[in-house]
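Note sheet for the following structure.
Throughout, read-outs are computed from the coordinates displayed, never taken from laboratory work. Note that the structure is predicted; figures quoted are calculated from it, not measured. Cβ atoms come from the backbone with ideal geometry, glycine included; neighbour counts cover every protein chain shown.
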């Protein structure tokens, strides 16, 4: 009887630890999102939005769907115009090569400071060339909201304070 009690207790503790290990913090969520997103196409279409839906707050998801609908309507009227995400959406700045001493270098992404306030978190994402390039790094902030116990991406904030959702809503 005693062995059975210890076995059941051990199993419960093991399952609880497994459940808690699956809950990601904001920085881990952003890291996992970039890993997931980078392994998929950057072409902005319905498939792009749907494949990443699990990472977005409902409002962020709706903003993407609204922009896609608006772009599709605009392309019917003006087929030669370039849509808002005409170059794709990869959640990173343009990654042009930096040439130093005949070698090419590209920006590397790193996760920086995380600020958590109740159900909101901001995670800094730094895009930098190696020091030999002497080009200043770019730091964007990913805003997350905790929805049903899970951190979801709510917006992207640029260095100048503008946001991705605002840019999308103001796009004509």
Inset, instruction - Please report 158, 34 as a ranked list, fewest other C-beta atoms within 10 angstrom at the top and most at the bottom. - result: 158, 34
Inset, instruction - Calculate the spin-label point distance for residue 171 paired with residue 150, positioning each point 7 Å from the Cα along the beta-carbon direction, and give it in nanometres. - result: 2.6 nm
Inset, instruction - Using a/c under 1.5 as the rounded threshold, could you call region 130-172 rounded, prolate or oblate? The axes a ≥ b ≥ c are square roots of the C-alpha gyration tensor eigenvalues, and prolate needs a/b larger than b/c, oblate otherwise. - result: oblate
Legend entry - Rh (Kirkwood; distinct C-alpha pairs) - region 68-112, Å: 13.6 Å
Inset, instruction - Mind pulling the angle between the C-alpha long axis of helix 2-21 and the longest principal axis of the chain? Nearest 10 degrees, somewhere in 0 to 90. - result: 10 degrees
Inset, instruction - Could you compute the FRET efficiency for residue 132 and residue 28, with r as their C-beta to C-beta distance and R0 at 30 Å, rounded to 0.05? - result: 0.45
Legend entry - For the chain, share of DSSP beta bridges that run antiparallel, in % to the nearest 5: 95 percent
Inset, instruction - Give me the number: length gained by fully extending residue 46 to residue 103, i.e. 0.36 nm times residue separation minus the C-alpha to C-alpha distance, one decimal in nm. - result: 16.7 nm
Inset, instruction - Take the alpha-carbon positions of region 23-170, form their convex hull, and give its projected area averaged over all directions (one quarter of the hull surface) in nm². - result: 10.3 nm²
